[in-house]
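> Below: one structure in structure tokens.
The values are calculated or read from the model by the stated rules, or taken from the named source; none is laboratory data. It should be emphasised that the depicted structure is a prediction, and the values quoted were computed from it without experimental measurement. Cβ placement follows ideal geometry from the backbone for every residue including glycine, while neighbour counts extend to all protein chains displayed.
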Amino acid sequence: MKSTYPFNPKLDLAFERVVDVPKELVWRAWTEPSLLKQWFTPAPWQTVDCEIDLRPGGLFRTVMRSPEGQEFPGSGCYLEVIANEKLVWTNALLPGYRPVTVAGVPGTRNDFQFTAMIELKSVPGGTQYTATVIHADEAGCQQHAAMGFKDGWGKALDQLVAMAKKM
């Protein structure tokens, strides 16, 4: 599955994988707070809180906890919601499309701004999962890559699949 977004290798990060669970379960894992908290952060990190207002302009908020107990809240705004197919959100906007100030959102980790897209397509044996994260500049993209984007998002997806198989 080719993303609907024209990928720019200087500004964007992405990975694609076929997972052996139906896209409807992947969708639920991304859109139900009680499920998202179980897999969203690569272990040994945890997602300890989540709030989802699943509509364009709605809130997507998480709180991640490091193994040392430090908490990292993050919030953003959904831009596009197509049930079981596509989910797009950004940390560059607050709910209601209110722009984030240059200083970011008080009390949240907003080192760089990005827009993330999850695209799902049914394929034989499961779901084609495409994750694309676009950044405002090369520095933000490089910072996100250095944080372990591919490994972290991949491990989180593995956790999502393991959880979905028990649902």
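> Out of curiosity, is Phe60 at pLDDT 95 or above and over 14 Å from Met117 (Cα atoms)?
Against the criterion (at pLDDT 95 or above and over 14 Å from Met117 (Cα atoms)), Phe60 does not qualify.
> May I ask you to list the residues in the range 112-167 that are part of a loop (DSSP other than H, G, I, E, B) and closer than 24 Å to Asn91 by Cα?
Phe112, Gln113, Ala136, Asp137, Met147, Gly148
> Kindly indicate whether any position in the range 80-102 is in a strand (DSSP E or B) and either within 21 Å of Pro44 (Cα to Cα) or in contact with a Lys or Arg (Cβ under 9 Å, 6 or more places away or on another chain) (or both).
Checked against the condition, which is being in a strand (DSSP E or B) and either within 21 Å of Pro44 (Cα to Cα) or in contact with a Lys or Arg (Cβ under 9 Å, 6 or more places away or on another chain) (or both), the range 80-102 yields at least one hit.
> Within the range 112-139, track down each residue that is touching a residue at least 40 places away in the same chain (Cβ under 8 Å), surrounded by 13 or more Cβ atoms within 10 Å (Cβ to Cβ) and small (Gly, Ala, Ser).
Ser122, Gly126, Ala131, Ala136, listed by residue number.
> Restricting the search to the range 29-85, which residues are basic (Lys, Arg) and crowded, with 16+ Cβ neighbours inside 10 Å?
Lys37, Arg61, Arg65
> Is there a residue being among the hydroxyl-bearing types (Ser, Thr, Tyr), assigned to a loop (DSSP other than H, G, I, E, B), within 13 Å of the chain's Cα centre (by Cα) and at pLDDT below 95 anywhere in the range 24-43?
yes
> Step by step: first the residues of the range 1-23, then only those that are assigned to a strand (DSSP E or B) and surrounded by fewer than 16 Cβ atoms within 10 Å (Cβ to Cβ), then the one that is modelled with the lowest pLDDT. Which residue is that?
Filtering the range 1-23 for residues that are assigned to a strand (DSSP E or B) and surrounded by fewer than 16 Cβ atoms within 10 Å (Cβ to Cβ), the one modelled with the lowest pLDDT comes out as Phe15.
> Follow-up question, since we're still on this one. Does Ser75 satisfy being among the hydroxyl-bearing types (Ser, Thr, Tyr), under 16 Å from the mean Cα position of the chain (by Cα), outside any loop (DSSP other than H, G, I, E, B) and modelled with pLDDT under 95?
yes
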